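This report concerns only the one structure given below.
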């Protein structure tokens, strides 16, 4: 295990984040995926430096939430395994189903890029999910793959709110710019509002959807906030919310989700529910 200092450029500020990095070799590169539209999953990393408060992945993979963003493993042997498995495994590959394939560590290790170089030699469709504009680095590789799709998470267009709920991720502005460039390339793309935050107002929802629409992307995928152990404490500790209960207000979440759907219809955006 070794330490790396990353300077994560978010909403106009740079914070030094100490991350413990360790090698985490895998036995399978492409396990089966149970997510709709995906047959196989590819996750070059374990953990995620973005540190989003709402992240569901720690609970899914049975990792402590408090170390998810500060102890990140890299699957050093995944490109070699991928090369072998692609000879027999067919279907759509979801890249980044439980951890972001374009988190800051990717700038150094290039694991996602190496995997893409293997994938483009085969006929597997790919679906990339990220909340980083680093995906633009590999846009030529992605576009040369079979039937590529790219989804960029834009939970909010509010820079100050994003800084609190997604402290290690690139700013919404940078993600929107990336989405615009991907759309210009003619690549099938969508914006993921995941999750819909029950404490935001309708004006913020409308502002976010207008920002998405301005990129040329016409597809919006929406996911609900899924409560996991430690999640409410994380929101309260960050002072994003001040009282308990607002995160579990199912009536409010339902109302807001319907508002997102109605606004998408009004703006001519295709509305989809995720998972």
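Being more than 20 Å from the chain's Cα centre (by Cα) and modelled with pLDDT under 90 narrows it down to one of 252, 258, 266, so name that one.
The match here is 252.
Check the range 160-167 and report whether any residue there is within 30 Å of residue 83 (Cα to Cα) and part of a loop (DSSP other than H, G, I, E, B). Don't jump to the end; show me each part of the working.
Taking the range 160-167 as the starting set, the residues that turn out to be within 30 Å of residue 83 (Cα to Cα) are none.
No - not one qualifying residue is present in the range 160-167.
For the range 110-126, give me the residue count where each residue is outside any helix (DSSP H, G or I) and surrounded by fewer than 23 Cβ atoms within 10 Å (Cβ to Cβ).
Residues that pass the stated criteria total 7.
Spot the failing condition for residue 66; the list is (1) exposed (fewer than 13 other Cβ atoms within 10 Å of the Cβ); (2) touching a strand residue (DSSP E or B) at 6+ places or on another chain (Cβ under 8 Å); (3) not in a loop (DSSP other than H, G, I, E, B), and only one is missed.
(2) is the only condition that residue 66 fails.
One line per residue, one yes/no per condition, for (1) crowded, with 21+ Cβ neighbours inside 10 Å; (2) touching a helix residue (DSSP H, G or I) at 6+ places or on another chain (Cβ under 9 Å); (3) at pLDDT 95 or above:
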residue	(1), (2), (3)
174	no, yes, yes
177	no, yes, yes
193	yes, yes, yes
209	yes, yes, yes
220	yes, yes, yes
241	no, yes, no
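Yes or no: the range 50-57 includes at least one residue that is under 20 Å from residue 132 (Cβ atoms) and touching a helix residue (DSSP H, G or I) at 6+ places or on another chain (Cβ under 6 Å).
Within the range 50-57, one or more residues are under 20 Å from residue 132 (Cβ atoms) and touching a helix residue (DSSP H, G or I) at 6+ places or on another chain (Cβ under 6 Å).
Can you find, within the range 222-231, the residue that is nearest to residue 256 (Cα to Cα) among those that are surrounded by fewer than 17 Cβ atoms within 10 Å (Cβ to Cβ) and either in contact with a helix residue (DSSP H, G or I) (Cβ under 8 Å, 6 or more places away or on another chain) or modelled with pLDDT of 95 or more (or both)? Give the derivation first.
Just the residues of the range 222-231 that are surrounded by fewer than 17 Cβ atoms within 10 Å (Cβ to Cβ), to begin with: 226-230.
If we keep only those that are either in contact with a helix residue (DSSP H, G or I) (Cβ under 8 Å, 6 or more places away or on another chain) or modelled with pLDDT of 95 or more (or both) too, we end up with 227-230.
Values: 227: 17, 228: 20, 229: 23, 230: 24 Å.
For the range 222-231, the residue satisfying everything is 227.
The values are calculated or read from the model by the stated rules, or taken from the named source; none is laboratory data. Quick caveat, the model's predicted, so the values are computed rather than measured. Here the Cβ is made from the backbone with ideal geometry for all residues, glycine too, and neighbour counts use every protein chain on show.
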